[in-house]
1. Let me have the 222 nm mean residue ellipticity of the chain computed from DSSP H runs of 4+ only, each contributing -39500 (n - 2.57), with the sum over all residues rounded to the nearest 500.
2. Excluding residue 78 itself, what net charge comes from residues whose Cβ is under 15 Å from its Cβ, given Lys and Arg +1 and Asp and Glu -1?
3. Report the accessible area of residue 59, computed with a 1.4 Å probe over the heavy atoms of all protein chains in place, in Å² rounded to the nearest 10.
4. Using a ≥ b ≥ c from the Cα gyration tensor of the stretch 18-80 (square roots of the eigenvalues), is it rounded, prolate or oblate, where a/c under 1.5 gives rounded and otherwise the larger of a/b and b/c decides, a/b for prolate?
5. How large is Rg over Rh for the stretch 28-182, taking Rg from the Cα atoms and Rh as the Kirkwood inverse mean of 1/r across Cα pairs?
6. With a cut-off of 8 Å between alpha carbons and a minimum separation of six or more residues, what is the relative contact order of the chain in percent?
7. Any chance you could run the full-extension gain for residue 179 through residue 149? It's 0.36 nm times the residue separation minus the Cα-Cα distance, nm to one decimal.
8. As an exercise, identify the GluC sites (Glu not before Pro) in the stretch 26-127 lying in DSSP coil whose Cβ has no more than 13 other Cβ atoms within 10 Å.
Amino acid sequence: MSDFITIPIQDSHRLVNAGNVILVSAQSHEKKTVTTVAWHMPVSSQPKLLSCALANKRYSLELIKESRCFCINIPEFKLLDAVVFCGTYSGRNVDKCKEANLTAVPCSKIHGFFIDECVAHIECELYSMIEAGDHTIVVGNVTGAMAQKHLFTPDGVIDINKVQLIHHLGGTHFGILKSQET
């Protein structure tokens with residue numbers, strides 16, 4: 001038998017938690033915020049749907065419910081301090097963009113904003129919400145997407161030799177992917 005250890009149930013999500021971190025921006029009228037999210041994934045090709053899990057206490061969830069839209073922003077590793085800041089403080093109490101030195105730019109397809117310092121952005125209209133314990137899964141219908149041109153390979157994926165995305169390993173642990181020749 002292999003040499004295994006028991007993982008506490010409360011830490012079991014960390015076994016699958018190495019996806020890249022996103023910043024979700026939301027705006028309703030004059031109120032806006034941005035929050036850090038590690039739990040997200042595509043859920044449909046037709047229509048193109050993406051999802052993210054937001055803690056029920058998050059101010060961004062409140063604004064998404066009001067506005068019925070949000071923007072997914074893809075930060076690179078050099079933004080780690082801003083990403084940690086946006087995941088630590090509440091937008092109810094602080095202007096995260098100002099404090100984290102992030103530039104909010106109006107979206108073109110939705111009433112919202114994207115973070116100019118991020119390498120890619122996906123604008124979404126709210127498709128559905130699913131209550132899931134202490135989180136709500138927000139599903140967005142993609143209405144537009146853009147990325148820095150030089151960061152994509154010819155077959156349309158982010159070139160990890162040109163940009164280091166932030167991967168959340170759990171807690172306060174983060175990492176980056178390294179390219180391997182095959």
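1. After summing the helix terms and dividing by the residues of the chain, the value is -3000 deg cm²/dmol.
2. Charge balance in the 15 Å sphere: -3.
3. 30 Å²
4. Since a/c reaches 1.5 but b/c is at least a/b, the shape of the stretch 18-80 is classed as oblate.
5. 0.95
6. With pairs under 8 Å counted, the relative contact order is 24 percent.
7. 8.9 nm
8. In loop regions of the stretch 26-127 (DSSP not H, G, I, E or B), the sparsely surrounded GluC sites (Glu not before Pro) are 30.
The values are calculated or read from the model by the stated rules, or taken from the named source; none is laboratory data. All of these numbers come straight from a predicted model, not from anything done at the bench. Backbone-built Cβ (ideal geometry, glycine too); neighbour counts: all protein chains shown. The area values use the complete protein model at the heavy-atom level, side chains included, leaving out ligands, DNA and RNA. Shrake-Rupley method; radii C 1.70, N 1.55, O 1.52, S 1.80 Å.
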